[in-house]
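*Asks:* I have a structure here, written as structure tokens, and I will follow up with some questions on it.
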Amino acid sequence: MNFLETREEMVELATSLFQRGYSVGSAGNISVRVDGGYLMTPTNSSLGRLDVNRLSFLDHEWKHISGDTPSKEVVMHRAMYQARADAGAIVHLHSTHVTALSCLAPSDEPLLKPHTPYLVMRLGENVPMVQYYKPGDPAMEADIFAAAKDSKAIILGNHGSIVAGPSLVHAVDSAEELEVSAKLALLLHGRQTRPLTATEIDELMNR
Ligand code: 13P
């Protein structure tokens, strides 16, 4: 996919996320690895009203080259790309159910149990959580890097989610799967459930 097609795909998928309620207001941001650097959504822009000509372009060193000022979450995206050579795109959302999970009091129980095959296939057996940081706080870098080494998705304490994928379509699909899995976790909260067994999980992971 060339540069222009990538810009169009970013706008199209961001609009789709916004229209289906995965982001509201100016929450959320998206980046894609491209030749020469990264394309990123501008700060304070709504995912529902992006303009291809205003997307931010940053070089390999994350220096802003053209377009509007990039998202304040540059450090969070950068840490995830640095941890994951397989990341071609990253989606950060404040989608309602993941954000609700991220506000629960800390506990030894994992926030998401492996209840469904698509959660396991897309995001692995465990989705880690990183403690609360103010949006855009560069202090989160080391924690994001460490968590992203083991997982392509992270729940951000009192904030939302960040998900990487080999392509933007993949990252968006996985972010949607994470949101729906969080909704299921809240629906099932307090009930006896049957998570997938270790054998069933192995079968999915070895696909
Ligand atoms: P930006 O508008 O700077 O991308 O920030 C939005 C956001 O989601 C912060 O976490």
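*Asks:* Mind checking which residues of segment 33-80 are in contact (Cβ under 8 Å) with a residue 40 or more places away in the chain, more than 9 Å from the ligand (Cβ to nearest atom) and either among the charged types (D, E, K, R) or not in a helix (DSSP H, G or I) (or both)?
*Replies:* ARG33, TYR38, LEU50, ASP51, LEU55, ARG78
*Asks:* When the residues of segment 1-32 are narrowed to those that are among the polar types (S, T, N, Q) and assigned to a helix (DSSP H, G or I), which ends up nearest to VAL74 (Cα to Cα)?
*Replies:* Only one residue fits best here, namely THR6.
*Asks:* Next question. Taking into account only those residues within segment 131-188 that are on the phi > 0 side of the Ramachandran plot and in contact with a helix residue (DSSP H, G or I) (Cβ under 7 Å, 6 or more places away or on another chain), which is most open to solvent (accessible area, probe 1.4 Å)? Let's see the steps before the verdict.
*Replies:* Of all residues in segment 131-188, those on the phi > 0 side of the Ramachandran plot come to 136, 158, 160.
Filter once more, keeping what is in contact with a helix residue (DSSP H, G or I) (Cβ under 7 Å, 6 or more places away or on another chain): 158, 160.
Details: ASN158: 91, GLY160: 0 Å².
Per the criteria, the residue is ASN158.
*Asks:* Sticking with this structure for a sec: Quick one: which of GLN131, GLN192 is farther than 21 Å from ARG84 by Cβ and among the polar types (S, T, N, Q)? Don't jump to the end; show me each part of the working.
*Replies:* Working: GLN131 fails: farther than 21 Å from ARG84 by Cβ.
The conditions single out GLN192.
*Asks:* Among the residues of segment 188-207, what is the count of those that are over 22 Å from the mean Cα position of the chain (by Cα) and under 22 Å from VAL98 (Cβ atoms)? Before you say what the answer is, go through the steps one by one.
*Replies:* Narrowing segment 188-207 to residues over 22 Å from the mean Cα position of the chain (by Cα): 188-203, 206-207.
Now narrow it down to the ones that are under 22 Å from VAL98 (Cβ atoms): 188-191, 193, 195-196, 201.
Going through segment 188-207 one residue at a time, the tally reaches 8.
*Asks:* Name the single residue that is nearest to TYR22 (Cα to Cα) among those in segment 64-118 being out of contact with any Phe, Trp or Tyr (no Cβ under 9 Å at 6 or more places or on another chain) and among the basic types (Lys, Arg).
*Replies:* Per the stated criteria, the residue is LYS72.
*Asks:* Count, please, the residues in segment 52-82 that happen to be out of contact with any strand residue (DSSP E or B) (no Cβ under 9 Å at 6 or more places or on another chain) and open to solvent by 10 Å² or more (accessible area, probe 1.4 Å).
*Replies:* Residues of segment 52-82 that are out of contact with any strand residue (DSSP E or B) (no Cβ under 9 Å at 6 or more places or on another chain), as a first pass: 52-53, 75, 79, 82.
If we keep only those that are open to solvent by 10 Å² or more (accessible area, probe 1.4 Å) too, we end up with 52-53, 75, 82.
Residues flagged as out of contact with any strand residue (DSSP E or B) (no Cβ under 9 Å at 6 or more places or on another chain) and open to solvent by 10 Å² or more (accessible area, probe 1.4 Å) within segment 52-82 amount to 4.
*Asks:* Still on this structure, please answer the following. Identify all residues within segment 133-151 that are within 19 Å of VAL74 (Cβ to Cβ) and in a loop (DSSP other than H, G, I, E, B); write none if there are none. So that I can check it myself, show each step before the final result.
*Replies:* Initial filter on segment 133-151 (within 19 Å of VAL74 (Cβ to Cβ)): 133-148.
TYR133, LYS134, PRO135, GLY136, ASP137 - these are the residues of segment 133-151 that are within 19 Å of VAL74 (Cβ to Cβ) and in a loop (DSSP other than H, G, I, E, B).
*Asks:* Now for a separate question. Being of a type in the set (Lys, Arg) and either in contact with a helix residue (DSSP H, G or I) (Cβ under 7 Å, 6 or more places away or on another chain) or within 16 Å of the ligand (Cβ to nearest atom) (or both), is that true of even one residue in segment 81-96? It would help to see each step written out before you state the result.
*Replies:* Step one: of segment 81-96, the residues of a type in the set (Lys, Arg) are 84.
Remaining after also requiring either in contact with a helix residue (DSSP H, G or I) (Cβ under 7 Å, 6 or more places away or on another chain) or within 16 Å of the ligand (Cβ to nearest atom) (or both): 84.
Yes.
The values are calculated or read from the model by the stated rules, or taken from the named source; none is laboratory data. It should be emphasised that the depicted structure is a prediction, and the values quoted were computed from it without experimental measurement. Positions of Cβ are backbone-derived with ideal geometry, glycine not excepted, and every protein chain shown enters the neighbour counts. Quick note on the areas: whole protein, heavy atoms, side chains included, nothing else; ligands and nucleic acids left out. Shrake-Rupley method; radii C 1.70, N 1.55, O 1.52, S 1.80 Å.
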